[in-house]
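For reference, the structure is listed below as structure tokens.
The values are calculated or read from the model by the stated rules, or taken from the named source; none is laboratory data. All figures in this text were calculated on a predicted structure; none of them were measured in a lab. Positions of Cβ are backbone-derived with ideal geometry, glycine not excepted, and every protein chain shown enters the neighbour counts.
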């Protein structure tokens, strides 16, 4: 993947997840940050920090992004969510407007 | 989503997170805002880091998602607005306050852009509000709030000044100065954006004033230009201004203004001054037409075409000009005719027709080149030429002149001798003028008469040309117009065949030979003009000829009646004079008269009259031609130049001439009066037919409507006189074709 097509999502613990831009844009919040001109540092550096989201959740979220893209393009598979993660996942989703 | 229960678990599972108190949270936000402001003012160094961004967002997010009484959504919403307001009042407004003109505009645009950026940042931070709080309470969204704050606080305050500055700059550009187009475009865009989807802000606050200023500007300019400039100069300037205004709209004004702007400019420049402009003496419309200024005329047309009813004065002036030119020609011809009354009078009139045709071509060229064949101007030229062509020139109507010209071209020995193409051209021109003559019937009758003359006396120089001319007439006026004439031409072809048949007949029946060469041309009555024929008392020799031919004709057809037209015949007589034998070519009347002198040497007028059975007018003419004109075949006593009933005539045996064969001319009768009478008669029949036709289909009609309907039906043939129509209606009532309704005297009924 080219550098321009990716964004880095950094979790609270400092883990960095490099994902495709299209995938990240599934989140409205991230999309706003990346697309609207206004001098957000994010647009320049291509990385977003999430001090409140833990690594496991962020990882799951990244998986969700890709699954979402797949689903939209036709592949109707299932997305399995472990029950312990459910709540935090929901809250993160709300936070990220996904 | 069950937030509450989620929150409950939130509290239990994430014990570390405290509730953010208002002051604490807001304090944190405030720091962020200050930093933002510094960045916007260009004072700060660094951008927000990704962390800072997310923290600001998160803080607000948390403050909104906390359980009440820590749910600070309302306050945050209000605070959002407060932040904006505070920034505006503290930083934006002061910066705009004391600036003017271009500087004001620059600052204005800059502030607007900055504001937009700020709104964007803040919207991102406060984004969570937008998602739920705003929707739940049906409040305006954050972005909208941002715009309205700017509009209410900044825009409302400065719009008057901004507008004045813009208009001043526009006027500068009109004067030819260079201006910052991008700047104006941005400013105009702000006006548009202030409308928030509708154009009323733009229209009321800016456009209306701009249009007003435009009108004033152009009104001033126009009033000075109209005095200084000539018509073409003024119009060029007007065209240039319109073009520049259009450019202006595309460069920086809103496209919706284009129509209104152009209308204003057009109004001020062209409509207000159209009268004085077009009527300018030296350079106005008339002068342009006179001087053949094609480009200027085209420009004038182009500009005035866009204005509703703008072309009317131009059409009017054009028509007047054409009529004036036509009348000049008429005058010239009349003067020439009066000066040299008998000398070549025909020539001047022929030239007149040609000149009229040329005039027509010239002005039609204008209509098609300069005026794009616009219907208003086509109508003007049509009316003008109708007026011109129906004027009598030197005693003859235009129809007569046209026919005379054609005759001259088509007959042998006519005065028009030119190349084939020139001839065709002239004929084309004549045919083109035909539609303008209101009495086409008159033309038809004259033409028919002349055509008959040409055909019968073999004077037609070129049969193909005759046929092609007829073709042209047919194209122009329809088949009915030319049907009779075509019949005439075919008659002659048939007559030729007939002659060969007659010769064979004589050959095979030598006993019926009349003893002299006889050629008979049989004409179909309907096609040819009506000729008067008198029952001339034929000399015996000629009687035999008539009988022989009758015999022949009966072998061909049984059901036709032959009427002999002696007035058109010619005769070759051998005159045995003392000096020598001379062959005389004369008309049948003349021949009959001369043959009388075979029986007696001397005849008196009254004796001749009884013998020949002609009427006095004709007899006088014939005697005159034989005794008082060029060749004195008869001697008249007394030797005066007028024929009186007491005169006697004697064969002039002493007559001689150097030629062996002479033609005795017979002065032609002026047929004009006759033709006009004939046409009138035809008209009456046509009116009758039209009236009956209308009444038959409508059964009952009001008098006035009947007249109108009649005029409509007959329009393409001739212009009927209203009085004539009324007379014919009365006549038809008297003849029991129609009746007046008893109750309503205005109603006419049809009687079957």
**OP:** Check B:65, B:58 and return the single one that is over 24 Å from residue B:114 (Cα atoms), without any contact (Cβ under 8 Å) to a residue 12 or more places away in the chain and buried (at least 16 other Cβ atoms within 10 Å of the Cβ).
**Re:** B:58
Original post:
With respect to the numbered conditions (1) in contact with a strand residue (DSSP E or B) (Cβ under 9 Å, 6 or more places away or on another chain); (2) surrounded by 11 or more Cβ atoms within 10 Å (Cβ to Cβ); (3) assigned by the TED database to the domain that holds residue B:647; (4) more than 29 Å from residue B:445 (Cβ to Cβ), which one is the sole condition not fulfilled by residue B:609?
Top reply: (1)
**OP:** Would you be able to say whether some residue in the range B:11-27 is modelled with pLDDT under 75, loosely packed, with under 14 Cβ neighbours inside 10 Å, within 24 Å of residue B:142 (Cβ to Cβ) and facing another protein chain (nearest Cβ under 9 Å)?
**Re:** no
Original post:
Is there a residue being under 19 Å from residue B:407 (Cα atoms) and in a helix (DSSP H, G or I) anywhere in the range B:491-499?
Top reply: yes
**OP:** Scan the range B:313-333 residue by residue and report those that are surrounded by fewer than 19 Cβ atoms within 10 Å (Cβ to Cβ) and under 15 Å from residue B:284 (Cα atoms).
**Re:** B:313, B:316, B:317, B:320
Subject >> From the options B:111, B:81, residue that is over 20 Å from residue B:25 (Cβ atoms), surrounded by 13 or more Cβ atoms within 10 Å (Cβ to Cβ) and in contact with a helix residue (DSSP H, G or I) (Cβ under 8 Å, 6 or more places away or on another chain) >> reply: B:111
**OP:** Among the numbered conditions (1) within 12 Å of another protein chain (Cβ to nearest Cβ); (2) modelled with pLDDT under 80, tell me where residue B:136 comes up short.
**Re:** (1)
Subject >> Matching entry among B:289, B:303 (being crowded, with 19+ Cβ neighbours inside 10 Å and assigned to a helix (DSSP H, G or I)) >> reply: B:289
Original post:
Taking the stated definitions as given, is residue B:723 without any contact (Cβ under 8 Å) to a residue 12 or more places away in the chain, out of contact with any helix residue (DSSP H, G or I) (no Cβ under 7 Å at 6 or more places or on another chain) and under 21 Å from residue B:438 (Cβ atoms)?
Top reply: yes
**OP:** Return a yes/no flag: does the range B:494-505 have any residue that is under 21 Å from residue B:421 (Cβ atoms) and modelled with pLDDT under 85.
**Re:** no
Original post:
Could you say which residue among B:316, B:348 is at pLDDT 80 or above and touching a helix residue (DSSP H, G or I) at 6+ places or on another chain (Cβ under 9 Å)?
Top reply: B:316
Subject >> Residues (within 11 Å of chain B (Cβ to nearest Cβ) and assigned to a helix (DSSP H, G or I)) located in the range A:48-88 >> reply: A:84, A:86, A:87, A:88
Original post:
Of the numbered conditions (1) closer than 30 Å to residue B:618 by Cβ; (2) under 38 Å from the mean Cα position of the chain (by Cα); (3) loosely packed, with under 13 Cβ neighbours inside 10 Å, residue B:679 satisfies every one except a single condition; which is it?
Top reply: (3)
Original post:
If you check residue B:71 against the conditions, is it surrounded by fewer than 19 Cβ atoms within 10 Å (Cβ to Cβ), more than 14 Å from chain A (Cβ to nearest Cβ), in a helix (DSSP H, G or I) and on the phi < 0 side of the Ramachandran plot?
Top reply: no
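Yes/no matrix, rows are residues, columns are (1) more than 30 Å from residue B:441 (Cα to Cα); (2) assigned by the TED database to the domain that holds residue B:632; (3) in contact (Cβ under 8 Å) with a residue 24 or more places away in the chain:
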| position | (1), (2), (3) |
| --- | --- |
| B:487 | no, no, yes |
| B:508 | yes, no, no |
| B:513 | yes, no, yes |
| B:543 | yes, no, no |
| B:564 | no, no, yes |
| B:574 | yes, yes, no |
| B:583 | yes, yes, yes |
**OP:** Among the residues of the range B:606-623, write down those that are more than 14 Å from residue B:591 (Cα to Cα) and either free of Cβ contacts under 8 Å to residues at least 40 places away in the same chain or touching a helix residue (DSSP H, G or I) at 6+ places or on another chain (Cβ under 6 Å) (or both).
**Re:** B:606, B:607, B:609, B:610, B:616, B:617, B:620
Original post:
Does residue B:204 meet the test of being loosely packed, with under 14 Cβ neighbours inside 10 Å and outside the structural domain of residue B:83 (by the TED database)?
Top reply: yes
Subject >> Count - residues of the range B:225-262 that are under 25 Å from residue B:182 (Cα atoms) and part of a helix (DSSP H, G or I) >> reply: 19
Original post:
Among B:614, B:562, B:644, which is the only one that is in a loop (DSSP other than H, G, I, E, B), under 27 Å from residue B:457 (Cα atoms) and modelled with pLDDT under 80?
Top reply: B:614
**OP:** Would you check if there is a residue in the range B:146-158 being within 14 Å of another protein chain (Cβ to nearest Cβ), under 24 Å from residue A:33 (Cα atoms) and surrounded by 20 or more Cβ atoms within 10 Å (Cβ to Cβ)?
**Re:** yes
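Strands (runs of 3 or more DSSP E) wholly in the range B:652-752 with at least 3 residues that are at positive phi and assigned by the TED database to the domain that holds residue B:531 - which ones?
Strands (runs of 3 or more DSSP E) meeting the threshold: none at all.
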